[in-house]
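Chemist: Provided herewith is a single structure, encoded as structure tokens, for subsequent inquiry.
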């Protein structure tokens with residue numbers, strides 16, 4: 001996706017329970033594919049609760065709000081792109097060393 005991301009997660013048959021991604025810096029982009037039924041992404045956001053179909057398309061949402069994957073049957077793969085906040089507990093020397101790699 002055309003989105004500035006630092007990290008990506010690949011999942012197989014992951015049933016994401018209701019949670020918040022508090023370490024995210026911005027929005028997430030999610031997509032899903034496979035031979036399954038159900039499995040919508042439920043987002044509890046500023047505009048209430050929305051159930052979003054992520055199958056075969058990229059969906060942007062704010063993972064800092066509560067969200068979850070609804071029950072599904074079959075084999076479901078998902079890919080999540082996201083940006084993490086800069087870690088506050090990493091010292092300047094470690095950051096400098098990593099930047100030189």
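The values are calculated or read from the model by the stated rules, or taken from the named source; none is laboratory data. Bear in mind that the values here come from a model prediction, so they are computed numbers and not experimental data. Glycine gets a Cβ as well: all are built from the backbone with ideal geometry, and neighbour counts include every protein chain shown.
Chemist: With the requirement that a residue be touching a strand residue (DSSP E or B) at 6+ places or on another chain (Cβ under 6 Å), surrounded by 15 or more Cβ atoms within 10 Å (Cβ to Cβ) and modelled with pLDDT under 95, what does region 1-28 give you?
Modeler: 5, 16, 24, 27, 28
Chemist: Given the conditions (1) assigned to a strand (DSSP E or B); (2) in contact (Cβ under 8 Å) with a residue 12 or more places away in the chain, and given that residue 57 satisfies all but one, which numbered condition is not satisfied?
Modeler: Condition (1) is where residue 57 drops out.
Chemist: Under 7 Å between Cβ atoms, which residue pairs at least 6 apart in sequence (or on different chains) link something in region 3-15 that is over 21 Å from residue 84 (Cα atoms) with a partner that is surrounded by 12 or more Cβ atoms within 10 Å (Cβ to Cβ)?
Modeler: From residues that are over 21 Å from residue 84 (Cα atoms), the pairs are 12/77; 13/76; 15/69.
Chemist: Counting just the residues of region 29-54 that are in contact (Cβ under 8 Å) with a residue 40 or more places away in the chain and within 20 Å of residue 19 (Cβ to Cβ), which one comes out surrounded by the most Cβ atoms within 10 Å (Cβ to Cβ)?
Modeler: 30
Chemist: For residues in region 60-85 being exposed (fewer than 15 other Cβ atoms within 10 Å of the Cβ) and in contact (Cβ under 8 Å) with a residue 60 or more places away in the chain, which is farthest from residue 21 (Cα to Cα)?
Modeler: 75
Chemist: Look at region 11-36 and say how many of its residues are part of a strand (DSSP E or B) and either within 18 Å of residue 51 (Cα to Cα) or under 10 Å from the mean Cα position of the chain (by Cα) (or both).
Modeler: Total satisfying the criteria: 9.
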